[in-house]
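Quick notes on the structure that follows.
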Amino acid sequence: MTLLVALLLIVGAGAPHLNGYGTWTDFAIGVGVLAASVVLFIFRRVVQDHEPIHFREVTPTMPAEGDWPEGFEAPVPAAPVAR
């Protein structure tokens, strides 16, 4: 599967006119926009948020006890299934 994706990437990047994405100039603009977005993401993390760069956010699997709306009760986690 990895070889297929690599082949499609090489053919798609090597001949942008074949897949309908225009000329080499259009391709360079697209790559430039993607590169700029990564630079701006790093700028936001480091300069604005004062955090180290990390690409995975740690999120809770269940809301905290007081986060449930009025009238709802927090579900009881299911017991693990023995295998």
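The numbers here are math on the coordinates, done by the rules we state, and not lab data. It should be emphasised that the depicted structure is a prediction, and the values quoted were computed from it without experimental measurement. Quick reminder, even Gly has a Cβ in these numbers, built from the backbone with ideal geometry, and neighbours come from all protein chains shown.
Quick notes on this structure:
- Condition met for residue 20 (exposed (fewer than 10 other Cβ atoms within 10 Å of the Cβ) and either over 30 Å from residue 78 (Cα atoms) or of a type in the set (Val, Ile, Thr) (or both)): yes
- Any hit, segment 35-55, residues being exposed (fewer than 10 other Cβ atoms within 10 Å of the Cβ), among the aromatic types (Phe, Trp, Tyr) and under 21 Å from the mean Cα position of the chain (by Cα): yes
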